[in-house]
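Let me begin by presenting the structure, written as structure tokens, before commenting on it.
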Amino acid sequence: MPADCPVCGQHYEPEPGFFWGAMYISYAFSTAIMLVTGFLVYHLLHDPAVWVYVTSVAVAAVLLTPLSLRYSRTVLLYLFGGIDYDPRYRTEAAPAIRR
Ligand SMILES: [Zn+2]
């Protein structure tokens, strides 16, 4: 993760250790992923054996970890990092760094 946004220059870490708080949001995301996966397995596979639940939930949790990590940091930045969405940068999300 870069220190600053390459498009708008927003500093990503307002204070040292800021992203420790993202751990709690990630925990909530993981819990939701596991509950939804278990619910889907129950209803789509008509209550299979326990190993199917365990495997499905583990695979879903591992596969969605990168998304959970990024979105938990994003949610924390929006809640406590003092940043807001700025539509001026919407079309300027090109990978090229122009500064
Ligand atoms: Zn930015």
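The values are calculated or read from the model by the stated rules, or taken from the named source; none is laboratory data. Bear in mind the structure is a predicted one, so any value in this text is a computation, not a measurement. Heads up, the Cβs are rebuilt from the backbone with ideal geometry, glycines too, and the neighbour counts pull from every protein chain shown.
When residues of the range 65-87 are filtered for being assigned to a loop (DSSP other than H, G, I, E, B) and exposed (fewer than 14 other Cβ atoms within 10 Å of the Cβ), how many remain?
Number of matching residues: 4.
Is the range 51-64 home to any residue that is part of a loop (DSSP other than H, G, I, E, B), under 21 Å from the mean Cα position of the chain (by Cα) and modelled with pLDDT of 95 or more?
Yes, that holds for at least one residue.
What tally of residues in the range 75-99 results from selecting those that are over 20 Å from Glu13 (Cα atoms) and at pLDDT 80 or above?
2
Any residue that is more than 16 Å from Arg70 (Cα to Cα), touching a Phe, Trp or Tyr at 6+ places or on another chain (Cβ under 9 Å) and not hydrophobic (A, V, I, L, M, F, W, C) - is there at least one of those in the range 16-25?
No, every residue in the range 16-25 fails to be more than 16 Å from Arg70 (Cα to Cα), touching a Phe, Trp or Tyr at 6+ places or on another chain (Cβ under 9 Å) and not hydrophobic (A, V, I, L, M, F, W, C).
Of all residues in the range 65-83, which are within 12 Å of the chain's Cα centre (by Cα) and either touching a residue at least 24 places away in the same chain (Cβ under 8 Å) or over 10 Å from Ala22 (Cβ atoms) (or both)?
Thr65, Pro66, Leu67, Ser68, Leu69, Tyr71, Ser72, Arg73, Val75, Leu76, Leu77
Take Ala22 and decide whether it is under 13 Å from Val75 (Cα atoms) and part of a helix (DSSP H, G or I).
yes
Just the residues that are of a type in the set (Val, Ile, Thr) and within 16 Å of the ligand (Cβ to nearest atom), please, taken from the range 1-59.
The one that is of a type in the set (Val, Ile, Thr) and within 16 Å of the ligand (Cβ to nearest atom): Val7.
Take the conditions part of a loop (DSSP other than H, G, I, E, B) and touching a residue at least 12 places away in the same chain (Cβ under 8 Å) and apply them to Gly9. Does it pass?
Criteria met by Gly9.
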